[in-house]
1. Out of the residues in the stretch 66-75 that are in contact (Cβ under 8 Å) with a residue 24 or more places away in the chain and surrounded by fewer than 21 Cβ atoms within 10 Å (Cβ to Cβ), state the one that is farthest from residue 90 (Cα to Cα).
2. I need the full set of residues from the stretch 152-166 which are closer than 24 Å to residue 87 by Cβ and touching a residue at least 24 places away in the same chain (Cβ under 8 Å), in order please.
3. Quick check on this structure: which one of 83, 31, 9 is buried (at least 17 other Cβ atoms within 10 Å of the Cβ) and either closer than 19 Å to residue 102 by Cβ or in contact with a strand residue (DSSP E or B) (Cβ under 7 Å, 6 or more places away or on another chain) (or both)?
4. For residue 82, all conditions in the list (1) within 16 Å of residue 46 (Cα to Cα); (2) touching a residue at least 24 places away in the same chain (Cβ under 8 Å) hold save one; what is the number of the exception?
5. Condition check: over 12 Å from residue 92 (Cβ atoms) and within 15 Å of the chain's Cα centre (by Cα). Does residue 151 satisfy that?
6. Say we look at the stretch 34-56 and pick out the residues that are out of contact with any strand residue (DSSP E or B) (no Cβ under 9 Å at 6 or more places or on another chain) and part of a helix (DSSP H, G or I); which of these is surrounded by the most Cβ atoms within 10 Å (Cβ to Cβ)?
7. Determine whether the stretch 18-25 contains at least one residue that is assigned to a strand (DSSP E or B) and within 20 Å of residue 122 (Cβ to Cβ).
8. Just one of 91, 62 is under 25 Å from residue 36 (Cβ atoms) and either in contact with a strand residue (DSSP E or B) (Cβ under 7 Å, 6 or more places away or on another chain) or touching a residue at least 40 places away in the same chain (Cβ under 8 Å) (or both); which is it?
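Nothing in this text is a laboratory measurement; each read-out follows from the coordinates by a stated rule. The structure presented is a predicted model; accordingly, all values stated were derived computationally and were not measured. All Cβ positions, even for glycine, are placed from backbone atoms using ideal geometry, and neighbour counts span all protein chains on display.
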């Protein structure tokens, strides 16, 4: 498998907490809406991706934005005290995952109403930013063949729903601008 941020190929058998392992990244951080790993947003495959343990730890629950210092183990990643920037080749992927979560989880049942906003350092509020940057990333990095195939597999074999922003990335601007 290929790890989301570092884009490094990794054996699926090396899952864990060690420095050379991979773990599961909730791209919409669990703490931004307090949803944990219960069915619903915590298990929605559209925003779960394998990541390098160290890079995932650096990302933590930071919002997304441009800038910051280099991240060990991740060429093209940057971070500062309240934000994380993935490498160019997955910026659109990240944006579309965040936008999907926002339209999918609207506060029904016991789930929080997940919403992107245009700030960072959102803490435990069900918000994640920075929407202006995510919209730029969506436009700069259109859906790849890998991303489209993944969307098809999630629909056909697992959740039986799609990420509409992969099928129609232009909807992001229509909805959020």
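1. Only one residue fits best here, namely 73.
2. Of everything in the stretch 152-166, those that are closer than 24 Å to residue 87 by Cβ and touching a residue at least 24 places away in the same chain (Cβ under 8 Å) turn out to be 154, 163, 165, 166.
3. The unique qualifying residue is 83.
4. Of (1) within 16 Å of residue 46 (Cα to Cα); (2) touching a residue at least 24 places away in the same chain (Cβ under 8 Å), only one is false for residue 82: (1).
5. On the way: over 12 Å from residue 92 (Cβ atoms): yes; within 15 Å of the chain's Cα centre (by Cα): yes.
When the stated conditions are applied, residue 151 passes them.
6. 46
7. yes
8. 62
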